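Read through the structure below, which is laid out as structure tokens, and then see the notes.
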């Protein structure tokens, strides 16, 4: 009997026996982290950036929230977890790349397309959070020419462009991008096929990169 679920203890046991690189972790502890890329991803358990990009410890600075959203810049003395992580990544870690990665079958996007009159809790935190996408969600939800699956995928990808636009409302991001010291990227992962789609930074279209 432990204070953690047994499957976590078993996973940690496998980690220590296999993937744990003692020297790598000692180096990270001694020298600190210096990742070049920040990943802003959904907290969905099926789309872990470290797994998808085969990243080792210290290689990615990852922030995950519902539907991989970046809210607009709002220095209002409220609690902004994602904005705080962004500030640290850009100002302290000197990140060179920020990737917003969405994914297929996103529950948060589905909630935005089908807002419920009955929230999951009195706080309705998901409802308030997903209202960041309300104008786009309402426009897509009313499009009768698209199937439900097409509407879902469309908003998943639009949300990525939306978050990238909001990134540019942060002065530290906008200034560094204009100086060529920071680049912004979009990606979308299809859970059912394992395909990664990358956003063209000029057109906003998504394409599958050649892997040869």
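General remarks:
- Test result for residue 55, assigned by TED's automatic domain parsing to the domain that holds residue 157, under 12 Å from the mean Cα position of the chain (by Cα), more than 25 Å from residue 135 (Cα to Cα) and free of Cβ contacts under 8 Å to residues at least 60 places away in the same chain: no
- Among (1) closer than 24 Å to residue 84 by Cα; (2) surrounded by fewer than 20 Cβ atoms within 10 Å (Cβ to Cβ); (3) touching a helix residue (DSSP H, G or I) at 6+ places or on another chain (Cβ under 6 Å) - the single one residue 154 does not satisfy: (1)
- Any hit, the range 60-68, residues being closer than 19 Å to residue 177 by Cβ, under 17 Å from the mean Cα position of the chain (by Cα) and either not in a helix (DSSP H, G or I) or not assigned by TED's automatic domain parsing to the domain that holds residue 155 (or both): yes
- Hits in the range 165-184 (condition: in contact with a helix residue (DSSP H, G or I) (Cβ under 8 Å, 6 or more places away or on another chain), surrounded by 15 or more Cβ atoms within 10 Å (Cβ to Cβ) and within 14 Å of residue 201 (Cβ to Cβ)): 167, 168, 182, 184
- Residue match in the range 27-43 (condition: assigned to a loop (DSSP other than H, G, I, E, B), free of Cβ contacts under 8 Å to residues at least 40 places away in the same chain and farther than 25 Å from residue 109 by Cα): yes
- Failed item in (1) on the phi < 0 side of the Ramachandran plot; (2) over 20 Å from the mean Cα position of the chain (by Cα), with residue 160 passing the rest: (2)
- Residue satisfying all of: in the range 192-211; surrounded by 13 or more Cβ atoms within 10 Å (Cβ to Cβ) and in contact with a strand residue (DSSP E or B) (Cβ under 6 Å, 6 or more places away or on another chain); farthest from residue 158 (Cα to Cα) among these: 196
- Subset of the range 118-130 that is without any contact (Cβ under 8 Å) to a residue 40 or more places away in the chain and touching a helix residue (DSSP H, G or I) at 6+ places or on another chain (Cβ under 8 Å) - its residue that is farthest from residue 43 (Cα to Cα): 119
- Number of positions in the range 87-117 that are touching a helix residue (DSSP H, G or I) at 6+ places or on another chain (Cβ under 7 Å), part of a strand (DSSP E or B) and farther than 19 Å from residue 191 by Cβ: 1
- Those residues of the range 169-191 which are in a helix (DSSP H, G or I) and either under 18 Å from residue 153 (Cβ atoms) or free of Cβ contacts under 8 Å to residues at least 40 places away in the same chain (or both), in sequence order: 174, 175, 177, 178
The values are calculated or read from the model by the stated rules, or taken from the named source; none is laboratory data. The shown structure was predicted, so the numbers you read here are calculated from the model rather than taken from an experiment. Neighbour counts run over all protein chains shown; Cβ positions are idealised from the backbone, glycine included.
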